[in-house]
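Take a look at the structure below.
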Amino acid sequence: MELFDVYPRYSVRLNHAKGAYVFDDAGQAYLDLYGGHGVISIGHTHPRYVQALSEQLNRIGFYSNSVDMPIQDMLAEKLGAQSGYPDYRLFLCNSGAEANENALKLASFHTGKNTVITYRNSFHGRTAAALAVTDNSKLQAPINQNNFPVTFIELNQEAALEQALDNPDVCAVIIEGIQGVGGLDQPTPGYLKFLQKKCAEHGVLLILDEIQCGYARSGKFFAHQHAGIRPDIITVAKGMANGFPIGGVLIQPGIEAKHGMLGTTFGGNQLACAAAISVLDTLEEEAVLENVNSVSQKLLAGLENIPGILRIKGQGLMLGVELPYPVKELRSKLLHEHRIFTGSSNNPNLLRILPPLTITWQEIEPLLHVLKTELS
Ligand SMILES: Cc1ncc(COP(=O)(O)O)c(C=O)c1O
């Protein structure tokens with residue numbers, strides 16, 4: 001059987017990985033400034049992560065949600081405390097799209113309404129509801145059309161939001177803390193405050209998609225915390241378990257849970273929880289937020305001094321370097337000549353930088369020298 005060929009791939013065969021580096025079959029090291037699409041949070045094969053998964057696998061690898069799950073309680077407690085949301089409840093699933101799917105469904109259950117407001121250039125995943133609120137018609141099959149009513153509005157335009165909220169059928173607004181796939185545009189703190197206020201006034205739930213920008217990537221636990229707001233629902237995935245598949249929905253106390261309203265076979269299994277707990281423990285014990293902020297500050301200062309860069313976007317270690325021309329060739333050169341993985345986005349001129357959050361300044365600094373050479 002052959003693979004269903006849906007991914008454009010680089011011809012690199014990875015054999016093993018450590019910290020901020022991945023190694024190919026020939027033992028060649030590559031600096032990983034892509035993190036397998038913003039997934040690697042505490043570094044590849046972190047010892048605490050490997051130990052937590054190995055020990056859990058030797059005890060019990062899987063049982064479904066039909067029995068008590070103390071490891072889920074432990075994860076929820078640690079996540080609540082570390083993220084600043086101890087009073088919220090946690091629903092566990094397996095991916096980012098699934099987290100958003102459940103968040104949207106929950107908003108609809110809670111309000112009894114069916115219309116969602118979302119943003120131009122957004123990406124929320126490829127399952128039915130998540131795709132419906134994603135601004136990319138190329139990803140839609142005929143069965144995805146006319147799912148439920150969706151209003152697309154421009155980021156940071158208050159009048160457009162007010163007009164969209166005039167519709168009495170709106171159940172939720174979904175927004176990324178920093179747009180990932182779209183190209184690193186982000187809501188301003190003032191707009192997020194306005195959005196929270198308007199949602200509350202209209203009885204509409206505010207869903208913050210923190211799947212890519214959350215879990216310390218922006219320099220705070222959640223990107224929306226730079227604006228000091230508290231959404232009703234927050235979705236997480238990617239960095240949550242450093243590559244072990246998991247997703248989560250954080251739910252404010254006023255939303256009632258009923259048995260059977262949400263569910264999944266694999267979601268919140270013991271291995272995923274063990275991996276996720278090892279990530280939270282590492283974020284705390286290794287002061288990862290401080291590292292993100294200090295590395296980011298130095299990197300931004302260095303990037304600002306490189307001629308040829310049009311704009312630098314993003315926050316923390318979720319950065320975009322915009323050039324006046326497409327970055328495809330540059331990315332290929334970075335990978336094949338300089339052995340550096342980077343990311344792309346819907347904006348063809350934007351180089352995306354999503355390193356492990358534990359990366360040191362010494363490890364990431366070579367990027368500046370390489371960009372200086374390549375852009376001069
Ligand atoms: C902001 C955001 N939301 C949702 C998703 C979907 O996550 P997954 O690919 O795990 O379904 C992604 C994936 O890139 C994302 O960046």
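In the frame of its principal axes, segment 1-115 has Cα extents of 55, 37, 34 Å, reported largest first.
The simple spin-label model puts a point 7 Å past each Cα toward its Cβ; for residue 301 and residue 6 those points are separated by 4.5 nm. For the chain, a crude dipole built from +1 on the beta carbon of Lys and Arg and -1 on the beta carbon of Asp and Glu, taken about the Cα centre, is about 360 debye to the nearest 20.
Legend: helices of the chain (whole DSSP H runs) are marked when their alpha-carbon atoms reach 15 angstrom or more along the helix axis and their mean Kyte-Doolittle hydropathy is at least -0.5; marked are 70-83, 96-111, 270-285, 288-304. Does segment 85-195 come out rounded, prolate or oblate, given a ≥ b ≥ c as the square roots of the eigenvalues of its C-alpha gyration tensor, rounded meaning a/c under 1.5 and, failing that, prolate meaning a/b above b/c? It comes out rounded by the Cα gyration axes. Is there a quick way to get the dipole size of segment 306-351? I mean about its Cα centre, with the Cβ of Lys and Arg at +1 and of Asp and Glu at -1; what is the value in debye to the nearest 20? Here segment 306-351 has a charge dipole of around 40 debye. The Cα center of segment 2-79 and the Cα center of segment 110-155 differ in position by 29 Å. In plain terms, the bigger the Kirkwood radius, the slower the diffusion; for the chain, with that radius from Cα pairs, at 10 °C and 1.306 mPa s, Stokes-Einstein puts D at 74 µm²/s. Most fluctuating residue of 205, 354, 310 in a GNM of the chain with Cα springs under 10 Å: which is it? In the Gaussian network model the winner is 310. Across every direction, the projection of the convex hull enclosing the Cα atoms of segment 63-107 has a mean area of 3.9 nm². For residue 312 and residue 28, the difference between the fully extended length at 0.36 nm per residue and the C-alpha to C-alpha distance is 99.2 nm. The value of relative contact order for the chain, using C-alpha pairs under 8 Å at least six residues apart, is 23 percent.
For residue 328, the lysines whose Cα comes closer than 19 Å to its Cα, not counting residues fewer than 8 places off in the same chain, are 313, 372. A straight Cα-to-Cα reach below 17 Å connects residue 258 with the lysines 105, residues fewer than 8 places away in its own chain not being considered. The mean sequence separation of alpha-carbon pairs under 8 Å and at least six residues apart, normalised by the residue count of segment 197-313, gives a relative contact order of 21 percent. Within the listed set 297, 72, 225, the residue fluctuating most in the Gaussian network model of the chain (springs between alpha-carbon atoms under 10 angstrom) is 297. For the listed peptides 62-71, 230-239, 280-289, a ranking on the average number of other beta carbons within 10 Å per residue, highest first, reads 230-239, 280-289, 62-71.
Using a Gaussian network model of the chain with C-alpha springs under 10 Å, which one of 221, 148, 266 is most mobile by mean-square fluctuation? Result for the chain, Cα springs under 10 Å: 148 fluctuates most.
Shown in residue order for segment 170-176 are the 3J(HN,Hα) couplings computed by the Karplus curve 6.51 cos²θ - 1.76 cosθ + 1.60 at θ = phi - 60°: 6, 9, 7, 10, 10, 8, 7 Hz (x for Gly and Pro). Over the chain, DSSP H runs of length four or greater, each weighted -39,500 (n - 2.57), average out per residue to a 222 nm ellipticity of -10500 deg cm²/dmol.
No value in this document is a laboratory result; all are computed from the given coordinates. Please read all numbers here as calculations on a predicted model, not as lab measurements. Positions of Cβ are backbone-derived with ideal geometry, glycine not excepted, and every protein chain shown enters the neighbour counts.
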